[in-house]
Every structure is written in structure tokens, then in C-alpha cells.
Amino acid sequence: MKILMKYYIDKEWTCGDTYDTLEWYDTTIPKPTEEEFDLKYDDLLLDEMREERNRLLRESDYTALPDFPQRDKWIVYREALRDFPSIWLPDRPFPEKPE
């Protein structure tokens, strides 16, 4: 359902919990295949990971101020967050915040 809501919100369809329940009414494009949905799912996971990573970066912006205690640890953490998309896998956790 997330895939439909993100990538096909402007199309006409109804759906239950599985691909088999997807009823495609839109005439502008053909019904996406299950393989296309699998590819979109990978894109969706990557988008969600980036959104979470960006949220964590925004929440830690203040730690980059010159007078912030343990600033060096936070700089390393923020660098790890920025580098995270290049090493991300769906089961890989985000870098740990410094204490």
C-alpha cells in the first residue's frame, strides 16, 4: 500500500493487503507488475532511510556549534550519518549517537 500511495497516488486503483488484491482502473498506464513493485519497494526503503537519516542530522545540528561539549564525537557521528547511504542495507542500523 505504501508503494501505491507514494508512486501511484494520482492513478485509479483499489487494493487490499497483497498484490493479488490490486484492482487497476487507471487507463493512462498499465497495471505495474509484481517485479516493478519489488523495485519500487527497494526505492521506498531507500527513501525512508534517507528521510530518517536527514531527521537525525537535523536533530543533531546544534552539536556542530564550536562550544558544544564533546563536539568531536558528534562530528564523527554526523559524518557517519552522511556516509550512511553508501553502506546502507535494510537490516543495518543507523550509527549510534554519542553519549
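Total residues in segment 65-99 satisfying the condition of being surrounded by 10 or more Cβ atoms within 10 Å (Cβ to Cβ), small (Gly, Ala, Ser) and either within 30 Å of Met5 (Cβ to Cβ) or touching a helix residue (DSSP H, G or I) at 6+ places or on another chain (Cβ under 7 Å) (or both): the figure is 0. Within segment 1-50, being in contact with a Ser or Thr (Cβ under 9 Å, 6 or more places away or on another chain), among the β-branched types (Val, Ile, Thr) and surrounded by fewer than 10 Cβ atoms within 10 Å (Cβ to Cβ) holds for one residue alone: Thr21.
The single residue among Arg82, Arg78, Arg50 that is over 16 Å from the mean Cα position of the chain (by Cα) and not assigned by TED's automatic domain parsing to the domain that holds Tyr19 turns out to be Arg78. Within segment 44-86, the set of residues being under 30 Å from Thr18 (Cβ atoms) and free of Cβ contacts under 8 Å to residues at least 12 places away in the same chain comprises Glu48, Glu51.
The values are calculated or read from the model by the stated rules, or taken from the named source; none is laboratory data. None of these values were measured; they are calculated from a predicted model. We place every Cβ from the backbone using ideal geometry, glycine too, and count neighbours over all the protein chains shown.
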